[in-house]
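Engineer: Let me give you the structure first, and then I'll get to my questions.
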Amino acid sequence: MKGIREATTTEAHRAIEAIWRIESARLIAGLARVVGDIGMAEELAQDALVAALEQWPAEGVPERPGAWLMGTAKHHAIDLIRRRKTLERKQEEIGRDIEQAQEAADLDAAIDDEVGDDLLGLIFMACHPVLSKDTRVALTLRVLGGLTTEEIARAFLVPVPTIAQRIVRAKRTLGEAHVRFEVPGGAERVARLASVLEVIYLIFNEGYSATAGNDWVRPALCEEALRLGRILAELIPTEPEVHGLVALMEIQASRLGARVGSGGEPILLLDQDRARWDRLLIRRGLAALERAERLGGALGPYALQAAIAACHARATTATDTDWPRIVALYDAVVQLAPSPVVELNRAVAVGMAFGPAAGLDLVDALVTEASLASYHLLPAVRGDLLRKLGRYEEARAEFERAASLTENARERELLLRRAAECAATRIAG
Amino acid sequence: MRVLIMAKEGEQSEAATPPTPEAMAEYQKFNEELVKAGVVLEAGRLHPSPQGKRVRFDGKKRTVIDGPFAETKELVAGYWLWQVRSMDEALEWLKRAPYDGGTFEIREVVEFEGM
């Protein structure tokens, strides 16, 4: 009997966990719209979760769990606001019970309003530019991804208190800056949306190319970023850059299974077995890119990068790649969002389209670039071009320098292997 | 993780009459909710089994069997490919589907190492 009871409790707990993942963002969003504060909204949602954990194992999971959680949180919210108002009034010694009751009823109705923009408002709030990048990422994963502080800390390989502090700081900063719960319009929307897209892509990249540690990819973060991107694309389907970002992530994610060898070592794009690329994600990525293009106007930075990724995705073999088109697309990226890293990528494409000497000229011009001084891919690219030109000794030195600059253990191994290959070729030659 | 949902709708999926507009609308509403949650990667419906074929392998021998197929309860009428975080999440979503009959099977898709 005890055994059955325990099994049911575990089952209910697992169901609650899954329901929380599905419902928490919408729950927090609906509450944040009404109370105007992410911290308080999250607390109210958590209280509802605690109530569910107490009641559902014994009474069973309700038929509409989302509505149950919202109803419970709503009661808590009304209680909380009433208590606050009462406190304020006692201080003022004014009794206005009737008005108070009216306000509670208004609040009740306000929470029941089906506002499709709630989730969007929450996204814009969590990704507000007033917050630092790290903080935006942590808060977004917490309130929109429904991840626990522990899960976020594990994904980013940082101590749990670090993430907990970031989240506390984020909520405090939003409060102090009086950030409103809203979906911004006009010129502000452009800047705010850029911040949202940046956060999603940061999460994706943290997963796609883990900056530290022994893992080359942490796919759970990629999946989380993709999910957020797909949700955002449904919420604001008229923004081409949202589709551009989704396209970029879908196509990059299509290579996840091909970019790691059986020993966990990274495999570079042109060396990958293209049969292992995920055709479903490529198809979804190309469709998202098409949506971005159909909306008209010049392509933004994400859509352009997606278009570059699409050139690789469409090529059945590495030699079939349309490198001149990739160079042209990089030219457009340079115009729009010039950066030394983009220049470096463009140099790689030029090297493929017009020969390694042309690529090396461009890379050499970047060697003095201060912002790339400790960027491991600069010597890695330079080493690759030198190797193709038969300058093995110089190539070896560059690969070794790149290896000393990367923080990723797997990538370091790959770079040292390339250095060793250069040394061997030089001796053999 | 990815899961494949196989909709084994039973007798009705073999019927020549298409589902009612109300049933279709409810299904579309549910599917839209899934898409908005970023869950659906792919969805599709299959024609009834009289239009289907089976190929049986026996060593080097291949035998083609024409539909319709007998074991109606096991026939797949539609499918979804979902991206979810756990089997429990897939279960929670599936329980919300607007169906009043049939058996739906959830199977996790084997992914490449590293995914």
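The values are calculated or read from the model by the stated rules, or taken from the named source; none is laboratory data. A quick note: this is a predicted structure, and the numbers were derived from the prediction, not measured. Glycine also receives a Cβ, built like all others from the backbone with ideal geometry; neighbour counts cover every protein chain displayed. Heavy atoms of the whole protein, side chains included, go into the accessibility calculation; ligands, DNA and RNA do not. Shrake-Rupley method; radii C 1.70, N 1.55, O 1.52, S 1.80 Å.
Engineer: Under 6 Å by Cβ, and 6 or more places apart or on different chains, what pairs join a residue from the range A:314-337 that is closer than 14 Å to A:Gln272 by Cα with one that is open to solvent by less than 30 Å² (accessible area, probe 1.4 Å) and polar (S, T, N, Q)?
Structural biologist: Correct list of pairs: A:Ala315/A:Thr321.
Residues are listed down the side, and each one gets a yes or a no for (1) more than 27 Å from the chain's Cα centre (by Cα); (2) at pLDDT 95 or above; (3) not in a helix (DSSP H, G or I):
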position: A:Gln46; (1), (2), (3): no, no, no
position: A:Ala67; (1), (2), (3): yes, no, no
position: A:Ala77; (1), (2), (3): yes, no, no
position: A:Arg83; (1), (2), (3): yes, no, no
position: A:Lys90; (1), (2), (3): yes, no, no
position: A:Ala104; (1), (2), (3): yes, no, no
position: A:Asp108; (1), (2), (3): yes, no, no
position: A:Val115; (1), (2), (3): no, no, yes
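Engineer: If the Cβ limit is 7 Å and pairs must be 6+ apart or interchain, which residue in the range A:341-359 that is closer than 12 Å to A:Tyr330 by Cβ pairs with which residue that is surrounded by fewer than 17 Cβ atoms within 10 Å (Cβ to Cβ) and of a type outside the set (A, V, I, L, M, F, W, C)?
Structural biologist: Going by the 7 Å Cβ cut-off, the qualifying pairs are A:Ala353/A:Pro324.
Engineer: Return yes when A:Gly3 is on the phi > 0 side of the Ramachandran plot, away from chain B (no Cβ under 14 Å) and modelled with pLDDT under 90 and no when it is not. Explain how you work it out, then say what you get.
Structural biologist: Details: on the phi > 0 side of the Ramachandran plot: no; away from chain B (no Cβ under 14 Å): yes; modelled with pLDDT under 90: yes.
Against the criterion (on the phi > 0 side of the Ramachandran plot, away from chain B (no Cβ under 14 Å) and modelled with pLDDT under 90), A:Gly3 does not qualify.
Engineer: Kindly list the number of the only condition in (1) more than 14 Å from chain A (Cβ to nearest Cβ); (2) closer than 29 Å to B:Lys29 by Cα that fails for B:Pro98.
Structural biologist: (1) is the only condition that B:Pro98 fails.
Engineer: Could you check the range A:130-244 for helices (runs of 4 or more DSSP H) lying wholly inside it with 1 or more residues that are open to solvent by less than 10 Å² (accessible area, probe 1.4 Å), in contact with a His (Cβ under 8 Å, 6 or more places away or on another chain) and within 14 Å of another protein chain (Cβ to nearest Cβ)?
Structural biologist: Once the helices (runs of 4 or more DSSP H) in the range A:130-244 are filtered for at least 1 residues that are open to solvent by less than 10 Å² (accessible area, probe 1.4 Å), in contact with a His (Cβ under 8 Å, 6 or more places away or on another chain) and within 14 Å of another protein chain (Cβ to nearest Cβ), what remains is A:219-235.
Engineer: In the list B:Leu75, B:Leu81, which residue meets the criterion of being within 14 Å of chain A (Cβ to nearest Cβ), among the aliphatic types (A, V, I, L, M) and in contact (Cβ under 8 Å) with a residue 60 or more places away in the chain? It would help to see each step written out before you state the result.
Structural biologist: Numbers: B:Leu75 fails: within 14 Å of chain A (Cβ to nearest Cβ).
None of the other options fit; the residue is B:Leu81.
Engineer: Between B:Gly38, B:Gly44, which is closer than 23 Å to A:Ala233 by Cβ, modelled with pLDDT of 90 or more and loosely packed, with under 11 Cβ neighbours inside 10 Å?
Structural biologist: The match here is B:Gly44.
Engineer: Let me ask something else. Restricting to the range B:52-79, name every residue that is at pLDDT below 95, open to solvent by 70 Å² or more (accessible area, probe 1.4 Å) and closer than 30 Å to B:Val35 by Cα.
Structural biologist: Across the range B:52-79, the qualifying residues are B:Lys73, B:Glu74.
Engineer: Mind counting the residues in the range B:32-52 that are assigned to a helix (DSSP H, G or I) and under 13 Å from the mean Cα position of the chain (by Cα)?
Structural biologist: 0
Engineer: Report whether or not B:Tyr27 is closer than 26 Å to B:Glu11 by Cβ and assigned to a loop (DSSP other than H, G, I, E, B).
Structural biologist: no
Engineer: Take the conditions β-branched (Val, Ile, Thr) and open to solvent by 60 Å² or more (accessible area, probe 1.4 Å) and apply them to B:Val110. Does it pass?
Structural biologist: Numbers: β-branched (Val, Ile, Thr): yes; open to solvent by 60 Å² or more (accessible area, probe 1.4 Å): yes.
For B:Val110, the condition - β-branched (Val, Ile, Thr) and open to solvent by 60 Å² or more (accessible area, probe 1.4 Å) - is met.
Engineer: Contact list please: Cβ distance under 7 Å, first residue in the range A:64-81 and more than 14 Å from chain B (Cβ to nearest Cβ), second residue among the small types (Gly, Ala, Ser), pairs at least six apart or on different chains.
Structural biologist: Filtered contacts from the range A:64-81: A:Met70/A:Gly30; A:Thr72/A:Ala48; A:Thr72/A:Ala51; A:Ala73/A:Ala45; A:Ala73/A:Ala48; A:His76/A:Ala48; A:Ile78/A:Ala104.
Engineer: Tell me, yes or no, whether the range A:16-38 has at least one residue that is surrounded by fewer than 20 Cβ atoms within 10 Å (Cβ to Cβ), more than 14 Å from chain B (Cβ to nearest Cβ) and basic (Lys, Arg).
Structural biologist: Looking through the range A:16-38, none of the residues is surrounded by fewer than 20 Cβ atoms within 10 Å (Cβ to Cβ), more than 14 Å from chain B (Cβ to nearest Cβ) and basic (Lys, Arg).
Engineer: Which of the residues that make up the range A:255-270 are facing another protein chain (nearest Cβ under 8 Å) and within 19 Å of A:Leu226 (Cβ to Cβ)?
Structural biologist: Selection gives A:Leu256, A:Gly257, A:Ala258, A:Arg259, A:Val260.
Engineer: Any residue at all in the range B:80-103 that is more than 30 Å from A:Arg276 (Cβ to Cβ), in contact with an Asp or Glu (Cβ under 9 Å, 6 or more places away or on another chain), part of a strand (DSSP E or B) and at pLDDT below 95?
Structural biologist: Yes: one or more hits.
Here is a yes/no grid of residues against (1) small (Gly, Ala, Ser); (2) crowded, with 20+ Cβ neighbours inside 10 Å; (3) assigned to a helix (DSSP H, G or I):
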{"residue": "A:Leu362", "(1), (2), (3)": "no, no, yes"}
{"residue": "A:Thr368", "(1), (2), (3)": "no, no, no"}
{"residue": "A:Pro379", "(1), (2), (3)": "no, yes, yes"}
{"residue": "A:Leu385", "(1), (2), (3)": "no, yes, yes"}
{"residue": "A:Glu394", "(1), (2), (3)": "no, no, yes"}
{"residue": "A:Ala397", "(1), (2), (3)": "yes, no, yes"}
{"residue": "A:Arg401", "(1), (2), (3)": "no, no, yes"}
{"residue": "A:Leu414", "(1), (2), (3)": "no, yes, yes"}
{"residue": "A:Ala423", "(1), (2), (3)": "yes, no, yes"}
